[in-house]
Amino acid sequence: MKIRKMFRFENAHIVRGCTTRRCSKSLHGHSYKVELIFASSGLDRGQMVYDFGLTKGMIKEYIDAFDHAITLWSGDDPQYLRDMKKWSERWVEIPVNPSAEQYARLLFVLIDRVLKQTEMVNAEHGVTLERVVVHETETGYAEAQREDAYSSALGPIDLSEVTFSERVKEEWRNPQMFEKLLAGERFVNPDTV
C-alpha cells in the first residue's frame with residue numbers, strides 16, 4: 001500500500017550549465033512542491049502505512065531547511081559561493097547542481113536515510129520511501145525512485161558533502177540532528193505527536 005505527503009518551500013538557485021540562459025546565469029526562485037510517496041506491505045496499529053503526523057518531525061525540518069533559502073552547488077564559482085553565504089542567513093550547499101532532478105535525488109537519499117535510522121514504535125511494517133516528486137513549477141516536475149537516487153551513472157550523492165547554514169540548523173528542534181544522522185545514530189519515533 002502507498003501514501004503520499006506533500007510539502008512546500010520557496011527557494012532560490014542557479015542551475016549552471018543548463019540550456020536556458022535565465023536559469024544558468026541568473027539567481028532565480030521557485031515555489032516548490034515536494035511529494036513523498038511511502039510504501040508498506042502492512043498497516044500499523046492505527047491501520048495506516050505511516051502516520052502523516054510523523055512526517056512533521058525530522059522529515060519536514062529537512063525539507064523546510066530549503067525554504068526561503070538559497071541552494072548552492074559546491075562546484076560553483078568560489079567567489080559566488082562566498083558572496084551568497086555572506087549576504088544570506090539561510091542557505092544549503094549541496095554536492096550536485098540544484099536542478100529539480102537533483103533535488104529529487106538528494107531528498108530521496110536524505111529521507112531514505114532518516115527512515116532507515118528510525119525505530120518505529122507503532123507496529124509499522126517496513127515503511128520505505130518509494131519515490132520523491134519535486135514540482136519546480138506548475139507545469140514541470142522531476143521524479144526520483146531508489147534506482148535514480150543511488151545511480152552510479154547519475155553520480156553519487158554523499159550526504160556528508162551537504163552543508164546547512166548555521167541559521168538553518170538553529171531553527172531545527174535539534175540543531176545537531178544532521179550530524180547525528182551522518183554519524184548513524186538511531187532515532188526513535190514518538191509515541192504521540
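Quick note: the coordinates plus some simple rules give every number you see, no bench work behind them. Predicted model only: the values in this text are computed from it and were never measured. Quick reminder, even Gly has a Cβ in these numbers, built from the backbone with ideal geometry, and neighbours come from all protein chains shown.
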In whole Hz, the Karplus estimates of ³J(HN,Hα) for segment 25-38 (6.51, -1.76, 1.60; θ = phi - 60°; x where Gly or Pro) are 10, 9, 4, 8, x, 9, 9, 7, 10, 10, 9, 10, 10, 9
Subtracting the Cα-Cα distance from 0.36 nm times the residue separation, let me have the gained length for ALA183 to ASP112 in nm, one decimal.
24.1 nm
Taking amide hydrogens as modeled 1.01 Å from N in the peptide plane, which residues meet the under 5 Å criterion relative to ARG131, leaving out close sequence neighbours?
ILE37
For LEU154, LEU129, which order do you get if you count the other beta carbons within 10 Å of each Cβ and list the fewest first?
LEU154, LEU129
Between helix 78-87 and the chain, what is the angle of the helix's C-alpha long axis to the longest principal axis, kept within 0 to 90° and rounded to the nearest 10?
70 degrees
Counting Lys and Arg as +1 and Asp and Glu as -1, each charge on the Cβ, what is the dipole of the chain about the Cα centre in debye, to the nearest 20?
280 debye
Bridge orientation stat for segment 2-188 from DSSP, antiparallel percent rounded to 5, came to 75 percent
Output the peptides 8-18, 71-81 sorted from most to least packed, where packing is the average of other Cβ atoms within 10 Å over each peptide's residues.
8-18, 71-81
For segment 1-69 and segment 119-147, what is the separation of their C-alpha centers, rounded to whole Å?
8 Å
With everything on Cα atoms, drop me the angle between helix 100-116 and the longest principal axis of the chain, reported from 0 to 90° to the nearest 10.
30 degrees
The pairs in LYS56/LYS85; LYS5/LYS86; LYS116/LYS180 lying past 24 Å Cα-Cα in this model are LYS56/LYS85; LYS5/LYS86
From the residues LEU106, HIS135, MET48, which one has its Cα farthest along the dipole of the chain in the positive direction, the dipole being from +1 and -1 charges on Cβ of Lys/Arg and Asp/Glu about the Cα centre?
HIS135
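Go ahead and estimate [θ] at 222 nm for the chain from helices alone: -39,500 (n - 2.57) per DSSP H run with n ≥ 4, summed, over the residue count, rounded to 500. Mind showing how you got there, number by number?
Working: 7 runs with 54 residues, N = 193.
It comes out at -7500 deg cm²/dmol, rounded to the nearest 500.
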Diffusion coefficient, µm² s⁻¹, Stokes-Einstein with Kirkwood Rh over alpha-carbon pairs of the chain at 4 °C and 1.567 mPa s:
75 µm²/s
With Cβ to Cβ distances under 12 Å as the rule, what net charge do the other residues near MET6 carry (K, R +1; D, E -1)?
+4
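Rank the residues VAL132, VAL92 as a footprinting-exposure proxy: fewest other Cβ atoms within 10 Å of their Cβ go first. Display every interim value, and only then the final one.
Details: VAL132 26, VAL92 20.
In increasing order of surrounding Cβ atoms, one gets VAL92, VAL132.
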